[in-house]
Amino acid sequence: MKKILVINGPNLNMLGIREPSIYGRSTYNDLLAFVSSHAEKKQVEVDFYQSNHEGDLVDAIQNAYGNTDGIVINPGAYTHTSVALLDAVKAVGIPTVEVHISDVSTREPFRSISYIRAACVKTIAGKGFDGYTEAIDFLLEH
C-alpha cells in the first residue's frame with residue numbers, strides 16, 4: 001500500500017471561518033474526511049499534518065523521509081516566503097505536489113510567487129478540495 005503525507009500550512013485549520021468567499025464554508029475536518037474517503041477508495045494510506053509554524057512543517061517533511069511515497073502540500077502563506085520548505089522537499093527527494101484551494105494566480109500579485117514549486121512535480125490550484133484528491137491520483141499514477 002502506498003503512503004501519502006498531506007501537509008497543510010498556516011491558517012488552513014481555519015477553513016470554514018477564514019474568508020469563506022475565497023475558501024468556502026467547509027471546515028478543516030471536512031477536508032480531512034473528504035481526502036480520507038478518497039484515499040480509502042484508492043487503497044492508499046494517508047497521514048495528515050497541519051501547522052502554523054514553518055519549522056514544524058520542515059520537520060514533517062524531513063520525518064517523511066524513508067517512510068512516505070508522496071507528499072501533498074498546501075504551504076499556505078509559506079508558499080510565497082519559504083526557502084526552508086523548498087530546501088526540505090529537495091532534501092528528502094519525495095515526489096511532492098503543491099496544492100492550493102484557491103486560484104492564487106488571480107489574487108494579489110505576491111501570491112503568484114511560489115518558492116516550493118521548483119521542488120514539486122506538479123502544482124494544482126483553484127480546484128478547492130478536489131485539488132487534494134487530484135494530487136493523490138497524480139502521485140499514484142506517476
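Data table
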item: Among (1) open to solvent by 50 Å² or more (accessible area, probe 1.4 Å); (2) assigned to a helix (DSSP H, G or I); (3) touching a helix residue (DSSP H, G or I) at 6+ places or on another chain (Cβ under 8 Å) - the single one residue 84 does not satisfy; result: (1)
item: Neighbours by Cβ (under 9 Å, 6+ apart or cross-chain): first from the range 84-95, over 9 Å from residue 119 (Cβ atoms); second among the aliphatic types (A, V, I, L, M) and assigned to a loop (DSSP other than H, G, I, E, B); result: 92/64; 94/64; 95/121
item: Residue 78 being hydroxyl-bearing (Ser, Thr, Tyr), in contact with a Gly (Cβ under 8 Å, 6 or more places away or on another chain) and either on the phi > 0 side of the Ramachandran plot or not in a loop (DSSP other than H, G, I, E, B) (or both); result: yes
item: So residue 94, is it among the hydrophobic types (A, V, I, L, M, F, W, C), under 16 Å from the mean Cα position of the chain (by Cα) and in a loop (DSSP other than H, G, I, E, B); result: yes
item: Enumeration of residues in the range 1-53 that are under 17 Å from residue 77 (Cβ atoms), modelled with pLDDT of 95 or more, open to solvent by 20 Å² or more (accessible area, probe 1.4 Å) and not aliphatic (A, V, I, L, M); result: 11, 13, 28, 49, 50, 52, 53
item: Close pairs from the range 49-61: first free of Cβ contacts under 8 Å to residues at least 40 places away in the same chain and within 14 Å of residue 82 (Cα to Cα), partner assigned to a helix (DSSP H, G or I) and open to solvent by 60 Å² or more (accessible area, probe 1.4 Å), Cβ under 7 Å, at least 6 apart; result: none
item: Matching residues in the range 63-76 - criterion: being open to solvent by 50 Å² or more (accessible area, probe 1.4 Å) and in contact (Cβ under 8 Å) with a residue 60 or more places away in the chain; result: 67, 69
item: Pair list, Cβ < 8 Å and 6+ apart or interchain, from the range 120-131 residues that are within 13 Å of residue 79 (Cβ to Cβ) to residues that are open to solvent by less than 70 Å² (accessible area, probe 1.4 Å) and of a type in the set (Gly, Ala, Ser); result: 123/114; 124/131; 124/135; 125/102; 125/131
item: Residues of the range 92-127 satisfying the condition of being within 23 Å of residue 14 (Cα to Cα), at pLDDT 95 or above, of a type outside the set (A, V, I, L, M, F, W, C) and open to solvent by less than 20 Å² (accessible area, probe 1.4 Å); result: 98, 100
item: Candidates 135, 60, filtered to the one that is surrounded by 15 or more Cβ atoms within 10 Å (Cβ to Cβ), farther than 18 Å from residue 13 by Cα and in contact with a strand residue (DSSP E or B) (Cβ under 9 Å, 6 or more places away or on another chain); result: 135
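The values are calculated or read from the model by the stated rules, or taken from the named source; none is laboratory data. None of these values were measured; they are calculated from a predicted model. We place every Cβ from the backbone using ideal geometry, glycine too, and count neighbours over all the protein chains shown. Surface accessibility is based on the protein's heavy atoms, side chains included, excluding ligands, DNA and RNA. Shrake-Rupley method; radii C 1.70, N 1.55, O 1.52, S 1.80 Å.
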